[in-house]
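Undergrad: Let me give you the structure first, and then I'll get to my questions.
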């Protein structure tokens with residue numbers, strides 16, 4: 001039961017981090033959209049093409065991040081479920097992996 005409580009606590013701790021990742025994506029998306037507007041504001045076809053490219057890329061990156069987060073949850077759950085695993089190591093590994101996934105996804109975007 002203690003392991004489940006520790007897992008729940010970690011999940012609650014990570015929720016704001018996951019929300020921050022989403023906010024960072026939205027900020028980066030807005031910057032890219034503004035760049036399209038600045039660069040191609042006078043050319044309809046290039047403006048539309050730029051926005052379409054951003055949309056396609058962002059959807060791919062977001063979907064990939066969703067899968068990474070599913071994997072992260074699965075790996076974290078498995079670590080906590082392993083009776084021999086050190087809970088503190090599981091927590092640190094979960095934090096580190098989440099940070100890495102966020103960095104990788106933002107870099108891809």
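Undergrad: Given R₀ = 35 Å, what would the calculated FRET efficiency be for residue 34 paired with residue 77, taking r from the Cβ atoms and rounding to 0.05?
TA: About 0.30, to the nearest 0.05.
Undergrad: Give the separation of the Cα centroids, the range 7-67 to the range 69-109, in Å.
TA: Rounded to whole Å, the Cα centres lie 23 Å apart.
Undergrad: Show me 43-53, 87-97 ranked by packing, highest mean number of other Cβ atoms within 10 Å first.
TA: 87-97, 43-53
Undergrad: Give the Rg/Rh ratio for the chain, taking Rg as the radius of gyration of the Cα atoms and Rh as the Kirkwood radius, to two decimals.
TA: That ratio is 1.17, to two decimals.
Undergrad: I've got another one for you. Against the longest principal axis of the chain, how steep is helix 44-81, in degrees 0 to 90 to the nearest 10, with axes from Cα atoms?
TA: Helix 44-81 and the main axis of the chain meet at about 0 degrees.
Undergrad: Cα axis of helix 2-40 to longest principal axis of the chain: angle in degrees, 0 to 90, nearest 10?
TA: 10
Undergrad: Here is a further query. For the chain, find the longest principal axis of its Cα atoms and tell me its angle to the long axis of helix 87-108, 0 to 90°, nearest 10.
TA: The angle comes out at about 10 degrees.
Laboratory data are not the source of any read-out in this text; all were calculated from the coordinates shown. Bear in mind the structure is a predicted one, so any value in this text is a computation, not a measurement. For neighbour counting, all protein chains shown are included, and Cβ atoms are generated from backbone atoms with ideal geometry for every residue, glycine included.
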